[in-house]
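Data block below; observations after.
Computed from the coordinates by the stated procedures, all read-outs in this text should not be read as laboratory data. Keep in mind the model is a prediction, meaning the values are calculated, not measured. Don't worry about glycine lacking a Cβ; one is built from the backbone with ideal geometry, like all the others, and counts go over all protein chains shown.
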Amino acid sequence: MKIKLFIVAALAWVSMSAMAQRTERVIDRVEPRTVQEFDHQETTQSFKSHWFINLQGGAQYTLGEAKFKDLISPNVQAAIGYQFTPVFGLRLQANGWQSKGGWSAFRATKGAEPYTNDYKFKYVAPGLDFMFNLSNLFCGWNPDRFFNVTAFLGGGANIAWDNGEVNDIAKSLQNTDAYLLDYLWDGTKVRPFGRGGLQFGFRLSDAVQFMLEGNANIISDKYNSKKADNPDWYFNALAGFRINLGKVRNVEHHDVYRDVVVYDTIYKTVVVEEPVVRVEPLRRDIFFLRNKTDIRESEAQKVADIADYLNQYPEAKVNIVGYADVQTGNAQINARLARQRADVVVKALVEQYGISADRISYDSKGDTEQPFVENDQNRVSICIAE
């Protein structure tokens, strides 16, 4: 009975051995996939609305009958404003100091030699100006532009007083008929005015600009104690500074990524029922440069050796394992490098040499295994064909 059991067991073992099968994980196909990797950082800027102040000084010319130089007087201007957009702003300004007037062919006494007599009076003119940056309007916003041109239009109230000089002249002539001074004014006069002009700005920094300004102001007749049947004018030429309060731009930093094509290897499991024909194995170590996954010319012959071997032995297969050195990068980067180093060898065998994907198995170890003692040699794909 024992002998029969032994014979049955032996026959079962032989039968199982004859029907033994093994499974292999092999490449089914290689598919490209696009991933994003960090490339560089970009800086973008945008306009930021802000307050500003103007402090300026210069000279005024009041249109009148005297010589040009005799109608020049000092002038100052201060303003506070807000820049809403790169083009549009508003400012509340106050301009003032002196204005002048004059008579031509004036005679101090009847029959005296005629001459031109000039006189001055004081004023202050608060008003509101609408400002338009022409440089930004026509050339686009540029916070680093050195030279900017701004036009403005506005108006307000001219408050004039201290007209004593011309009134003193009138008092001295009360008992003569040398000159009729019919349009004098005294005390304080408030008159509406309109204005327009240009500013020329020279950027010294984000906070400071040097400003040159010219403006023309129109006001009602008799401002200079004369009647001309048309409005009076005075003109200001000013120089000074614009001081921006707070930031004039927003600065943002953005990471820029680029698309990179990587190759994913799709595996399938096959059942091998026939015994594998054993041949002398072939090993080739394909080395890569740091952070690189392309096959160098110096290593290309090794890929050709593997292809020749597989063509010579139709039953042979090749196993490819990618590695990365542990002393460079980090685990995530090294895992990707190792996978791509194996993928590129697979791709070369399939596309360049026509090796069937069924004959290739694939794996990658990242930096978890270091097959070589020397660190730089671990940037490698180890290919064993047998």
### Interchain or long-range residues, amide H under 5 Å from E65's placed H
G102
### Task
Could you calculate the contour length gain from E165 to Q332, that is, 0.36 nm times the residue separation minus the distance between their Cα atoms, to one decimal place in nm?
51.2 nm
### Task
Would you mind checking the tilt of helix 297-312 against the longest principal axis of the Cα atoms of the chain, expressed as 0 to 90 degrees and rounded to 10?
30 degrees
### Query
Does anyone have the angle between helix 2-18 and the longest principal axis of the chain? Alpha-carbon axes, 0 to 90°, nearest 10?
40 degrees
### Task
Compare the peptides 333-345, 191-203 by average per-residue count of other Cβ atoms within 10 angstrom and give them in order, highest first.
333-345, 191-203
### Relative compactness, region 192-264, computed as alpha-carbon Rg over 2.2 N^0.38 Å
2.29
### Message
What does the net charge come to around A207 if you take all other residues with beta carbon closer than 12 Å to its beta carbon, with K and R at +1 and D and E at -1?
### Response
+3
### Query
What is the gain in length, in nm to one decimal, between K247 and S356 on full extension, counting 0.36 nm per residue of separation less the C-alpha to C-alpha distance?
32.8 nm
### Query
So between N142 and S46, what do we pick up on full extension, going 0.36 nm a residue minus the alpha carbon distance?
33.6 nm
### Query
Along the Cα-to-Cβ line of H254, 7 Å from the Cα, sits a label point; which residues in region 131-145 have backbone N less than 16 Å from it?
none
### Task
Return the label of the correct value of Cα extents along the principal axes in Å, as calculated from the structure shown, out of (1) 116, 49, 33; (2) 80, 45, 34; (3) 166, 47, 35.
(3)
### Query
Per the helix-only calculation at 222 nm, which mean residue ellipticity applies to the chain, given -39500 (n - 2.57) for every DSSP H run of n ≥ 4 and division by its residues, nearest 500 deg cm²/dmol?
-5500 deg cm²/dmol
### Query
So, with +1 on the Cβ of K and R and -1 on the Cβ of D and E, and no other charges, what is the size of the charge dipole of region 192-306 about its Cα centre, to the nearest 20 debye?
800 debye
### Around R195: net Lys/Arg minus Asp/Glu count, Cβ-Cβ under 12 Å
-1
#### Entry: Inter-centroid distance (Cα atoms) of region 31-88 relative to region 236-311, Å
49 Å
